[in-house]
Structure formats: C-alpha cells, structure tokens
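Asker: This structure is in structure tokens; I'll ask about it shortly.
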2 protein chains.
Amino acid sequence: MTDGRAVCVIGLGLIGGSLLRAAARDGRVVWGTTESTVDADSARKDGYDIASTVDEALSRAATEDALVVLAVPLPAVDGVLRRVRRFAPGCRLTDVVSVKAPVAEAVSRLAPGVRYVGGHPMAGTAKSGWAAGSADLFGGAAWVVAADEGLDLEVWADVATLALATGAVVVPAAIDEHDAAVARISHLPHVMAAVLATVGAAGGPLAMALAAGSFQDGTRVAGSPPELVIGMCEGNRAALLAAVDDALGRLGAARGSLASTGGLAATIRAGHQGRNSLDDHQAAEVTADLTDHDALAKLRELGRTGGRVVALIR
Amino acid sequence: MTDGRAVCVIGLGLIGGSLLRAAARDGRVVWGTTESTVDADSARKDGYDIASTVDEALSRAATEDALVVLAVPLPAVDGVLRRVRRFAPGCRLTDVVSVKAPVAEAVSRLAPGVRYVGGHPMAGTAKSGWAAGSADLFGGAAWVVAADEGLDLEVWADVATLALATGAVVVPAAIDEHDAAVARISHLPHVMAAVLATVGAAGGPLAMALAAGSFQDGTRVAGSPPELVIGMCEGNRAALLAAVDDALGRLGAARGSLASTGGLAATIRAGHQGRNSLDDHQAAEVTADLTDHDALAKLRELGRTGGRVVALIR
C-alpha cells in the first residue's frame, strides 16, 4: 500500500495529464486533481482517479506516501505550496515547471518541510489541456532533474525512476545551470522569433508574399499561444536577460561590421559553427550509481558535459 | 529560328541549371555555359547544349535573338556583363540574383545597351551545382520580376512568360521594394539564426543536450553553406542594415522591458501577430494586362499589396 511508488499529480494540463497517464501505464497507484472542471471531467471519463480538491489529493498523498508532482504554471505554484504545507508537509515533492530557481525558492519559503527535488521534462508547449496529453509525450525527451548539493538522494532516485518510466532520459543539472541553459535554447528562441516575425510583417504584404523557408522556420514558435510563452519567458527573467544581452551584443557586432566594412563573415561562420555543435552533439548515456559518496557532484558534471542517465543503481 | 523564345543561361548552378531544364521542357531552344567543368560535363551528359565559353554562348544569343539569363553569383556579375557588352550588346537580359539594385546598377554601368528586366526566383539556396537542380525547382515558387517605371514591357512579358512556364507565379515589384522585402524575410532570418546558434552553443554541452524544437527551427538555416549566405547577405547591405536596425531596436526594447518591469507581453504579442500575418496572407492571383497604358504602375501596386500574376495579356 505504501511502497513509495504512488504518484499524486497536481494540475492535469498537457504535462500533468501526460504524466498521470504514463505513471498509470507503469503500474503505479496514481491520482490527480485540477482546478479545470473540463479537464477533471475528461480525465475521469478516461478512467482516472481524480480528487475533487487539491486538499483532498494532498491529504491522500500524505497518508499513502505518494510522490507529489506540481504540474501547474509558475504563477500558481505559491498557492499550491501553501496547501502542501498544510496537508502534506513532509511529502516527497517534485515539479515540471520550465524554470527551477523560482520554484526552489518558493518551496524553501512556503513548504520548508517537504523533501523537494525539482524536475523539467523538455516536452512541447504548443498545445495545452488534458485532451492534448498522451502517455507517450515524454518518449525520448530530456527530463532535467535538479542535482544541487544537499538534495535528498532517495527522492532524487524516485523522481529519476519516474522520469525513466515515462520513456524520458534524465539530464541531471544544478538549477542555476539549468535555468541559464534553457534561457539560451528555449526562451531566447521565442524572443528572437517574435522580433523576427514583427520585423518581417512590418515589410507589408510584399514581404509576406515572398517569405519562404528561412522566415517560416525562424518564426514558427511565434505561432505558439502568447500567454504560455510570456509566462515561460518572464519566469526565467534573470537568466533570459543574460541571454538577450548576449544576443544583442552579437547582433550589434554584426550591424557594426555590415555598416563599416560590409562584412558578415564572422557572424555567419560563428552561427554555422554553433549549429554544427547542435548537430554533432553526442550524449553519453550512463547508469548512475547513487551509492557513490559523491553522487550528486558526479551527476552535475555528467549533465554539464552533455550526458544523460538511462538507468540507476540505488 | 528567331521566334524570341530561345533562352541562353550563363551559369549552371542550382538555379541556372534548373532553369535550363525547365525551359527545355517548355519546348524552347536552350543552351547554357558555366565556368565549372564538373557542371558542364554533367549537363552535357544529361543531353543539354553547353557552350565552351561565355563568349560563344553570348555570340549565339545575339545571332538567335535569345533571352539571356545571368545565373551567376553577384560577385561574378560584372565580369559577365563585360562579355555581354562585347558579344550581345543589344540583347534581352534578365538575371536570377537575390538582390536587384546592385545588378541593375552594374547593367547600366557595364552594358547600357541591353534591354534588361531583373528577376529573382525565390527558390532554395541550401544545395548548389548542376546535380542539385531540377526542372521542378520553381513549381509554385514566387518569381519576382522587376517592374520599375521605364522598363521595356516586351522584355517584361518575355521574362514573366518564362517564369510562368517553369511553374512559378510572378510577383512584380520595384527593385528597391524587392530588396527591402527580402532583407526582412530572407537575409535577416539568416543573421538572426546565426546569432541564436552562437548564443545557444555558448551555453555549452548542457544547452545542446536540452535544445528542442524552438532552437532547432530557429537555427536551421545557420546550417546552410556559409559562403552562400555571406554573399547573399552582403550583397543586400543597405536594405539589410535597415532590417537589422529594426531588429536591434525591437530586441533592445524587449531587453529594457524585461529588465525594468519583467514584462515581455508586448514583444511576444507583436510577434504572434506578425506570424499570423504570414499564416493569413492571401495572394490575389491576376491576369496582367500589359496593353494597359499604366501597366507597370499597376503591376507594382499588385506586388506591393501581396498579389501575383498567373497569366498575361500581351
């Protein structure tokens, strides 16, 4: 009954709903809850065990020693943590929010008694809601699991085991390194796509009539729901600022070079090399030994060098 | 023999080679030439009539009243125009270079006696050489045909007829409006992709391991051959500078807003609207009446409002 494999998911949107399905498929006792009656009704209709309130779901998590997963947007995290403090104050807790420092800070402030290890599955954001979810959403995806010094290795293993069970691979990372990385490869691309789409459209109907592959690709994510993108980018403000500054500096250098000598070779060649880094990236796949006395440091180093965990020794 | 439908293509790379094939498929007398012996040999092996030298190809064009197509990169245009002046000084001339003002300027300077109407088929740049070409390359593509006041309407019709015969649709545009538009939707996307790829790769292996759809799409064109991209972008220097300045201004505004209030809503919403302009773009398809006393002005206005020509009345 309390084998520690039970999972309680708070929030049943695309990510939470997909995780509930994937955890059930893994043979676990799972239940969830959501403020959306549409999503709750759909999930119940699909045969899942959905609690009527967050308090009810959390009380059961405390009784049955479930791993609690926060799958709500960043602005809703504080409110849920206040309920956690009241109904499951010592629970094992993880989350799936796309930035990690603000969530970790909120947990220390609002629910300091929980055993928290943050997570971030790198799965799509273009659709939302229970109906868009699938047990297969995480197949092959990178699932970041926070690996800062001092974290509870038992909970780390529980979170990583759940991620692996969904078909994801685990990328361990310090939360500040995670936030800096996603600012560059997830949040900045949204800002750049928005700027490019705006500048292109300012060219009027002739420009739109001539737009081909490079503009189509470069602006694709500007088609995502704006509220989701705004929330995601604003939530990672500090790290995103650094990435935007880097982009501004490089774009300004391109501008200066084009204006003075007319040359763009340095900009274009650096970009080509950057793209090659992506195409050439080879991830080392390892079995993580959590009995190692220096396990967390080794996990962080693995993530920092682009590697990932595909199995665990506990 | 001299029905005016003959086509002489100078340069047999991706675009020139594809045009030679498409014109031949249209039942025209066609020949070409190239400085690349590899491309020349391949084209001959494929059954095409390939002259040994530019001079020979142009002499024949003068004799047989062919439409001459410059299909060489911008830096090679001046050299070919000097041969045109000598061997086909009064020929009908068009080109397929991706910027129009520098070519028009070179024509006035080096071969002022030709009847020139510039063109630009919006077809791929990622591959190059005769072997990469195909008679189908232009199917459904936009083929810009310069429509500035004073151009020779007969040659305009010849160029547009050739473009339509390849399966393209014709977008008429003043050359400065063309250059401004492609700076925004073709050249700026390459600069932005290069900057994004560089900033992302600077995040190291962890960033590359986490890079998903938004970064993949936003940097795709940074994988193009750098020399082609550099030549294309540098050739449109003045218009690209204006587009880069617009992008710098908007990215700077996003930076300022993120730093001061933490808000990105204006940036992201404007980008979403810009992307919608692309997705919602509906091109009016018209039959152009070249007997109209104000034909060129009407053609420019058609292009400016996003329309295109699918048939001609001469």
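The values are calculated or read from the model by the stated rules, or taken from the named source; none is laboratory data. The structure displayed is predicted, hence computed values, not measured ones. Counting neighbours? That spans all protein chains shown, and the Cβs are built from the backbone with ideal geometry, glycine included.
Asker: Where residues in region A:272-291 are part of a loop (DSSP other than H, G, I, E, B) and in contact with a strand residue (DSSP E or B) (Cβ under 9 Å, 6 or more places away or on another chain), which of them is farthest from A:Gly218 (Cα to Cα)?
Answerer: Top of the filtered list is A:Thr291.
Asker: Could you tell me which of the residues B:Arg82, B:Arg28, B:Arg44 is within 23 Å of B:Asp158 (Cβ to Cβ), modelled with pLDDT of 95 or more and of a type outside the set (Asp, Glu)?
Answerer: Step by step, each of B:Arg82, B:Arg28, B:Arg44 is checked, and only B:Arg28 is within 23 Å of B:Asp158 (Cβ to Cβ), modelled with pLDDT of 95 or more and of a type outside the set (Asp, Glu).
Asker: Looking at region A:251-262, which of the residues that are at the interface with chain B (Cβ under 7 Å from one of its Cβ atoms) and not in a loop (DSSP other than H, G, I, E, B) is nearest to B:Val199 (Cα to Cα)?
Answerer: A:Leu251
Asker: Have a look at A:Val72, A:Val99, A:Val68, A:Val103 and point out the one that is part of a strand (DSSP E or B) and under 28 Å from A:Ala147 (Cβ atoms).
Answerer: Checking each option against the conditions leaves just A:Val68.
Asker: Given the conditions (1) crowded, with 23+ Cβ neighbours inside 10 Å; (2) under 28 Å from A:Ser224 (Cα atoms), and given that A:Ala88 satisfies all but one, which numbered condition is not satisfied?
Answerer: Among (1) crowded, with 23+ Cβ neighbours inside 10 Å; (2) under 28 Å from A:Ser224 (Cα atoms), the lone unmet condition for A:Ala88 is (2).
Asker: Going residue by residue through region B:165-188, is there one that turns out to be more than 13 Å from chain A (Cβ to nearest Cβ) and under 15 Å from the mean Cα position of the chain (by Cα)?
Answerer: yes
Asker: Also, quick follow-up: How many residues does region B:159-168 hold that are in contact with a strand residue (DSSP E or B) (Cβ under 9 Å, 6 or more places away or on another chain) and surrounded by fewer than 21 Cβ atoms within 10 Å (Cβ to Cβ)?
Answerer: 2
Asker: Any residue in region B:263-271 that is surrounded by 15 or more Cβ atoms within 10 Å (Cβ to Cβ), in a helix (DSSP H, G or I) and touching a Cys at 6+ places or on another chain (Cβ under 8 Å)?
Answerer: The answer is yes; a qualifying residue exists.
Asker: For region A:122-147: of the residues being within 20 Å of A:Arg237 (Cα to Cα) and in contact with a Leu (Cβ under 8 Å, 6 or more places away or on another chain), which is farthest from the other protein chains (Cβ to nearest Cβ)?
Answerer: A:Thr125
Asker: A:Arg250: over 20 Å from B:Gly213 (Cβ atoms) and either touching a residue at least 12 places away in the same chain (Cβ under 8 Å) or under 22 Å from the mean Cα position of the chain (by Cα) (or both), yes or no?
Answerer: In short, yes.
Asker: Sticking with this one: In region B:214-236, which residues are surrounded by fewer than 22 Cβ atoms within 10 Å (Cβ to Cβ), within 21 Å of A:Pro121 (Cβ to Cβ) and at the interface with another protein chain (Cβ under 7 Å from one of its Cβ atoms)?
Answerer: Hit for region B:214-236 is B:Asp217, nothing else.
Asker: Give just the number: which of (1) crowded, with 23+ Cβ neighbours inside 10 Å; (2) touching a Ser or Thr at 6+ places or on another chain (Cβ under 8 Å); (3) under 27 Å from A:Gly213 (Cα atoms) does B:Gly139 not satisfy?
Answerer: (1)
Asker: What number of residues in region A:38-56 are in a loop (DSSP other than H, G, I, E, B) and farther than 10 Å from A:Leu12 by Cβ?
Answerer: Final tally of qualifying residues: 6.
Asker: Here is a check on your reading of the model: is A:Leu67 among the aliphatic types (A, V, I, L, M) and within 30 Å of A:Leu188 (Cα to Cα)?
Answerer: Taking the combined requirement at face value, the residue does not satisfy it.
Asker: Also, quick follow-up: Here is a list: B:Ala147, B:Ala168. Which entry is closer than 27 Å to B:Asp292 by Cα, modelled with pLDDT of 95 or more and in contact with a Lys or Arg (Cβ under 8 Å, 6 or more places away or on another chain)?
Answerer: B:Ala147
Asker: Name the residue that is nearest to A:Ala160 (Cα to Cα), counting only residues in region A:274-309 that are touching a Ser or Thr at 6+ places or on another chain (Cβ under 9 Å) and surrounded by 15 or more Cβ atoms within 10 Å (Cβ to Cβ).
Answerer: Within region A:274-309, the match that is nearest to A:Ala160 (Cα to Cα) is A:Val309.
Asker: Of (1) surrounded by fewer than 24 Cβ atoms within 10 Å (Cβ to Cβ); (2) closer than 12 Å to B:Ala247 by Cβ, A:Met208 satisfies all except one. Which?
Answerer: (2)
Asker: Here are B:Leu93, B:Leu74: which of them is modelled with pLDDT under 95 and under 19 Å from the mean Cα position of the chain (by Cα)?
Answerer: It is B:Leu74.
Asker: Also: Test A:Ala22 against the stated conditions and say whether it is among the small types (Gly, Ala, Ser), touching a Cys at 6+ places or on another chain (Cβ under 6 Å), buried (at least 21 other Cβ atoms within 10 Å of the Cβ) and in a helix (DSSP H, G or I).
Answerer: For A:Ala22, the condition - among the small types (Gly, Ala, Ser), touching a Cys at 6+ places or on another chain (Cβ under 6 Å), buried (at least 21 other Cβ atoms within 10 Å of the Cβ) and in a helix (DSSP H, G or I) - is not met.
Asker: Is there a residue in region B:175-193 that is assigned to a loop (DSSP other than H, G, I, E, B) and either surrounded by fewer than 23 Cβ atoms within 10 Å (Cβ to Cβ) or assigned by TED's automatic domain parsing to the domain that holds B:Asp26 (or both)?
Answerer: Among the residues of region B:175-193, not one is assigned to a loop (DSSP other than H, G, I, E, B) and either surrounded by fewer than 23 Cβ atoms within 10 Å (Cβ to Cβ) or assigned by TED's automatic domain parsing to the domain that holds B:Asp26 (or both), which makes the answer no.
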